[in-house]
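The values are calculated or read from the model by the stated rules, or taken from the named source; none is laboratory data. All figures in this text were calculated on a predicted structure; none of them were measured in a lab. Virtual Cβ from ideal backbone geometry, glycine too; neighbours counted across all protein chains shown. These accessible areas exclude ligands, DNA and RNA; they are computed on the full protein's heavy atoms, side chains included. Shrake-Rupley method; radii C 1.70, N 1.55, O 1.52, S 1.80 Å.
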Amino acid sequence: MEAIMYGGYRLCIHICFLFNLFIRCGYLPKAFMMSVIIPVVKNKCGDLRDLNNYRAIAVSTSVPKLFECIVLNSLQSKSDFDHIQFGFKPGIPPVYALTYSVSSCFSYSNGTRQGGVLSPYLFTRYTRELIGDIISAGVGCKMYGQIVNVLAYADDLVLMPLHGGHCRGLLRY
């Protein structure tokens, strides 16, 4: 990262030219997409011999991270449902609740890298329609005159049905 920070004007021009070519051609070289996978313990009090107690984090070099930051800056968009997603937001601590993990429903043979700069944004965009459909169901707990039926933190969703009938209605999404 220091090479980029102190590389000067000429380096910036070359990096800009390279990134524009990537975008115009819709192509990233295989070496550019390589990363090192670091296993990080999910629960330090859990069984450290259990492979399911580890999360794979992809660590990339600084140039691909810089590219992702630039792409992320141009992709930012808002939705009426973004206030439901509490994960991936600076300054918001993890929430511990009885949750249903969205990640267990999908195959991750294809997708974003955990630890990637763009990954949180892309996952939020991916789940936006699902969260919107759940909210539109119009059933759930009532708090201060508002129906609250889903909370999201990263890849965890908390469905908040008022009773079993509502639960079935929310799970159909």
Given the conditions (1) open to solvent by less than 90 Å² (accessible area, probe 1.4 Å); (2) in contact with a helix residue (DSSP H, G or I) (Cβ under 8 Å, 6 or more places away or on another chain); (3) at pLDDT below 65; (4) more than 20 Å from Arg168 (Cα to Cα), and given that Pro94 satisfies all but one, which numbered condition is not satisfied? (2)
So which residues in segment 122-169 are open to solvent by 30 Å² or more (accessible area, probe 1.4 Å) and closer than 30 Å to Phe67 by Cα? Leu122, Arg125, Tyr126, Arg128, Glu129, Leu130, Tyr153, Asp155, Asp156
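Just give me the residues in segment 1-41 being of a type outside the set (A, V, I, L, M, F, W, C) and touching a strand residue (DSSP E or B) at 6+ places or on another chain (Cβ under 8 Å), in sequence order.
Keep residues of segment 1-41 that are of a type outside the set (A, V, I, L, M, F, W, C), which gives 2, 6-10, 14, 20, 24, 26-27, 29-30, 35, 39.
Across segment 1-41, the qualifying residues are Ser35, Pro39.
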Can you pull out every residue in segment 36-53 that is touching a Lys or Arg at 6+ places or on another chain (Cβ under 7 Å) and part of a loop (DSSP other than H, G, I, E, B)? Lys42
Return the pair list, or none, for Cβ contacts closer than 6 Å from residues in segment 31-59 that are open to solvent by less than 80 Å² (accessible area, probe 1.4 Å) to residues that are in a loop (DSSP other than H, G, I, E, B) and among the basic types (Lys, Arg), at least 6 apart or on different chains. Asn53/Lys42; Ala58/Arg113
Of the conditions (1) closer than 25 Å to Leu171 by Cα; (2) at pLDDT 70 or above, Asn73 fails just one. Which one is it? (1)
